[in-house]
Amino acid sequence: MERIEAYAAKSPLATWLGFKAAADAETFTLTFNEAHIGNPAIKALHGGVISAFLEFVMQADLTARTGGGVSTVNMSIEYLSSSRPENMTARVRLLKEGRRIAYLEAEGWQSDETRLVAVARGCFKLG
């Protein structure tokens with residue numbers, strides 16, 4: 001948890017996203033802000049905000065695991081349902097970690113964990 005907080009404290013993106021880690025560091029929160037709205041007609045979060053949040057949670061989780069720096073090599077995201085103007089929660093799963101590369105997956109939802117808004121998969125360079 002301390003490593004995640006230290007990583008987030010150095011990032012202006014984390015501040016803008018309203019990033020928060022749960023006490024157990026199992027889930028992460030994007031705190032809703034009107035600036036996160038991408039389509040004012042339907043009040044949906046911008047896809048880039050969702051993507052940035054899921055990428056950031058994967059980086060924060062991996063940094064906490066390894067204690068070293070990480071950089072994104074590749075990331076893909078699938079948007080599964082429309083978002084609403086409220087907080088988003090995410091959980092990260094480590095798929096595989098080698099000496100130089102790690103693969104992670106992040107799931108993002110709002111209110112109902114069974115109704116995913118987006119799923120991201122990323123490849124990250126370690127060190």
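Any read-out appearing in this document is the output of simple, stated calculations on the displayed coordinates, not a laboratory observation. As the structure is a prediction and not an experimental result, all values here were calculated from the model. Cβ placement follows ideal geometry from the backbone for every residue including glycine, while neighbour counts extend to all protein chains displayed.
Quick notes on this one:
- For the chain, with +1 on Lys and Arg beta carbons and -1 on Asp and Glu, the positive-most of GLY18, SER76, THR89 along the dipole: SER76
- Given their separation in residues at 0.36 nm each and the Cα-Cα distance between them, GLU97 and ALA25 gain 24.0 nm when the chain is fully extended.
- Proxy reagent accessibility, fewest Cβ within 10 Å first, across HIS36, HIS46: HIS46, HIS36
- Only Lys, Arg, Asp and Glu carry charge here, each on its Cβ (+1 for the first two, -1 for the last two); on that basis the chain has a dipole of about 420 debye about its Cα centre.
- Helix 47-66 axis, angle to the chain major axis (alpha carbon atoms, nearest 10°): 30 degrees
- For the stretch 95-104, 3J(HN,Hα) per residue [Karplus equation, 6.51 cos²θ - 1.76 cosθ + 1.60, θ = phi - 60°, Hz, x = Gly/Pro]: 8, 6, 10, x, 6, 10, 10, 9, 10, 10
- Backbone HN-Hα couplings from phi across the stretch 21-33 [Karplus 6.51/-1.76/1.60, Hz, Gly and Pro as x]: 9, 5, 4, 8, 6, 8, 10, 10, 10, 9, 7, 4, 9
- Straight-line cross-link reach from LYS96 at under 17 Å between alpha-carbon atoms covers these lysines, not counting any fewer than eight positions away in the same chain: LYS125.
- Under the simplified labelling scheme, the GLU34-CYS123 pair shows an inter-label distance of 4.2 nm, with each label point 7 Å from Cα along Cα→Cβ.
- In terms of other Cβ atoms within 10 Å, MET1, MET88 run from fewest to most in the order MET1, MET88.
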